[in-house]
Amino acid sequence: MKKITIIGTGYVGLVTGAGLADFGNYVTCVDIKESKINLLKSGTIPIHEPGLEKLIQYNVREKRLFFTTDIGKSISQAEVIFIAVGTPESENGEANIDFVKQVAKTIGENLNIYKVICTKSTVPIGTGKIICSIIEANNIRNINFDYVSNPEFLREGSAVKDFLLPDRVVIGAVNKKAFKILKEVYRPLYINETPMLHTNIETAEMIKYASNSFLALKISYINEIANLCEIVGADVHLVAKAMGKDGRISSKFLHPGPGFGGSCFPKDTRALASFAKKHETRVRLVEETIKVNNKQKDRMFIKLKKLLDYNIANKTIGVFGLSFKPNTDDIRESPSLSIIKAILKEGGIVNTYDPVINDEIKKIYPTLNSFHSWEECSKDVDAIVIMTDWNVFRGIDLKKLNSLMKTPIILDTRNILSVEKLNEFGFSYDNVGRVDIN
Ligand code: UDX
């Protein structure tokens, strides 16, 4: 079992740290933010991620997981170091790797014995070489090290499960020695015969962008098909279901909706498109994926306007769900933000309810009304818009909802309500590409 240090305690760093400790390794998670480390030491986690708190607490109790702000010491004592710091988007769309570079410098300065340095953060293709040269430039004692790119494929909301039961592990390593060490780090997965792909560094970096962009493309594709379904009277769910039965297509990521959000797809697609342009080529399908997604977000507002006879001013709209998807408190690039902005801009009043995000939303839109239950959020509203497919909205009591609202109008951007039931309870409604087949 290896001694591992994870630099950066965002959701990737924390899930990786807890997961690798659960695999039997000795893991130290390090972050420069003292308040965050103190919180983690007290057994509390700063994000909403199902199963993570328990996994952390268990491995802390088993004395396999530690938290510190002492970066120098944690680098010196590690056999394997994972870089998991943020790579925020820069103005030109590319990922900004300043934090990664800073960490590489610190690693170089603190190298004492042979180590494997491994990047988890999503970084532009070619960053591995830059990291190696920074470590080398600061490696005054001339210690031997190997570099590995080991991208993460964790979905927020199911990141723990994705880490413990991955579809594959990608290890971009320059030599067999480093690959073997990483295999030991992931030993339980290796024994379980999880596919482990040994690639070069650039291939591993590319796999991450190519995977995320392809999934984003699939979503934009089904959203366009849904829009066409609306025109011709076809039902997109049945179209997607039948498409998905073809093993070459697969049923995953064919769910239409208000457009993808989150910290990965929007950023990674833009990064890949701008990376290609920088290299004087294009990934046109990815460029179109981005455009289609932006349009899809706008389309949701147009649908709402249509339901309200093109008159939003002074109307109160209840927004159900703020996070970009269920089981997370992340609102980065969430389609809910776009629709709220558009409603407010046209003089509408916004009520919100989300199972985990409460008054924090007022930091972005101070004039909206945030409520702690869907019932309060629905009182006397002119319309409801479902923006996130939280389970609580799937089973909502439509009769009660109707009785609370001023007018029974619903825009279901996640297609989670039964069209039959909406008809039964007298709602005017719209969704994304569905028809009532009864
Ligand atoms: C994604 C990737 O799935 C993960 O492998 C990667 O490493 C990080 O980025 P995440 O952003 O957490 O994970 O969420 P994901 O479940 O992929 O959903 C992204 C967005 O696409 C959400 O807004 C979601 O609502 C939307 N989506 C997803 C759809 O609209 N339709 C679908 O069929 C699937």
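In segment 262-270 there is no residue that is crowded, with 21+ Cβ neighbours inside 10 Å, outside any helix (DSSP H, G or I) and aromatic (Phe, Trp, Tyr).
Summed over segment 369-381, the residues that are in a loop (DSSP other than H, G, I, E, B) and open to solvent by 10 Å² or more (accessible area, probe 1.4 Å) give a count of 4. Mind counting the residues in segment 77-97 that are open to solvent by 40 Å² or more (accessible area, probe 1.4 Å) and either modelled with pLDDT of 95 or more or more than 26 Å from the chain's Cα centre (by Cα) (or both)? Looking only at that region, the number is 2.
Against the test of being out of contact with any Phe, Trp or Tyr (no Cβ under 6 Å at 6 or more places or on another chain), outside any strand (DSSP E or B) and either of a type in the set (D, E, K, R) or touching a residue at least 24 places away in the same chain (Cβ under 8 Å) (or both), the options 350, 356 yield a single qualifying residue, 356.
Which members of segment 312-331 meet the condition of being within 9 Å of the ligand (Cβ to nearest atom) and surrounded by fewer than 24 Cβ atoms within 10 Å (Cβ to Cβ)? Answer for segment 312-331, where residues must be within 9 Å of the ligand (Cβ to nearest atom) and surrounded by fewer than 24 Cβ atoms within 10 Å (Cβ to Cβ): 325, 326, 330. Report, by residue number, each residue of segment 121-177 that is of a type in the set (S, T, N, Q), within 16 Å of the ligand (Cβ to nearest atom) and buried (at least 19 other Cβ atoms within 10 Å of the Cβ). Within segment 121-177, 121, 122, 149, 150 qualify. Suppose we keep only residues that are charged (D, E, K, R) and either within 18 Å of residue 80 (Cβ to Cβ) or surrounded by 16 or more Cβ atoms within 10 Å (Cβ to Cβ) (or both) within segment 178-211. Which one would you say is nearest to the ligand (Cβ to nearest atom)? The selected residue is 208. Screening the candidates 363, 345, 400 for the property of being surrounded by fewer than 20 Cβ atoms within 10 Å (Cβ to Cβ) and within 18 Å of residue 427 (Cβ to Cβ) yields one hit, 400. When segment 406-423 is limited to residues that are without any contact (Cβ under 8 Å) to a residue 60 or more places away in the chain and either in contact with a His (Cβ under 7 Å, 6 or more places away or on another chain) or assigned to a loop (DSSP other than H, G, I, E, B) (or both), the one that is farthest from the ligand (Cβ to nearest atom) turns out to be 407.
For residue 280, indicate whether it is on the phi > 0 side of the Ramachandran plot and more than 12 Å from the ligand (Cβ to nearest atom). Answer is yes for this residue. Residue pairs whose Cβ atoms lie under 6 Å apart, separated by 6 or more positions or on different chains, with the first residue in segment 252-267 and more than 6 Å from the ligand (Cβ to nearest atom) and the second among the acidic types (Asp, Glu), are 266/333; 267/89. Within segment 285-307, restricting attention to residues that are open to solvent by less than 10 Å² (accessible area, probe 1.4 Å) and closer than 21 Å to residue 429 by Cβ, the residue that is farthest from the chain's Cα centre (by Cα) is 304. Within segment 424-437, the residues that satisfy the criterion of being within 21 Å of residue 232 (Cβ to Cβ), open to solvent by 50 Å² or more (accessible area, probe 1.4 Å) and in contact (Cβ under 8 Å) with a residue 60 or more places away in the chain are 429, 434, 437.
Need pairs with beta-carbon distance below 9 Å; first residue at positive phi and within segment 300-317, second open to solvent by 50 Å² or more (accessible area, probe 1.4 Å) and of a type outside the set (Ser, Thr, Tyr); sequence gap 6+ or separate chains. Sorted first by the residue in segment 300-317, then by its partner, the pairs are 314/349.
Scanning segment 332-342 for residues that are open to solvent by 10 Å² or more (accessible area, probe 1.4 Å) and either touching a Leu at 6+ places or on another chain (Cβ under 7 Å) or within 16 Å of the ligand (Cβ to nearest atom) (or both) gives 332, 333, 337, 338. Tell me, which residue of segment 271-284 that is touching a residue at least 40 places away in the same chain (Cβ under 8 Å) and surrounded by 13 or more Cβ atoms within 10 Å (Cβ to Cβ) is farthest from residue 303 (Cα to Cα)? Here the answer is 275.
The values are calculated or read from the model by the stated rules, or taken from the named source; none is laboratory data. Nothing here was measured: the structure is a model prediction, and the numbers come from that model. Because the Cβ atoms are built from the backbone with ideal geometry, glycine has one as well, and the counts that use them run over all protein chains shown. Calculation scope for accessible area: heavy atoms of the full protein, side chains included, ligands and nucleic acids excluded. Shrake-Rupley method; radii C 1.70, N 1.55, O 1.52, S 1.80 Å.
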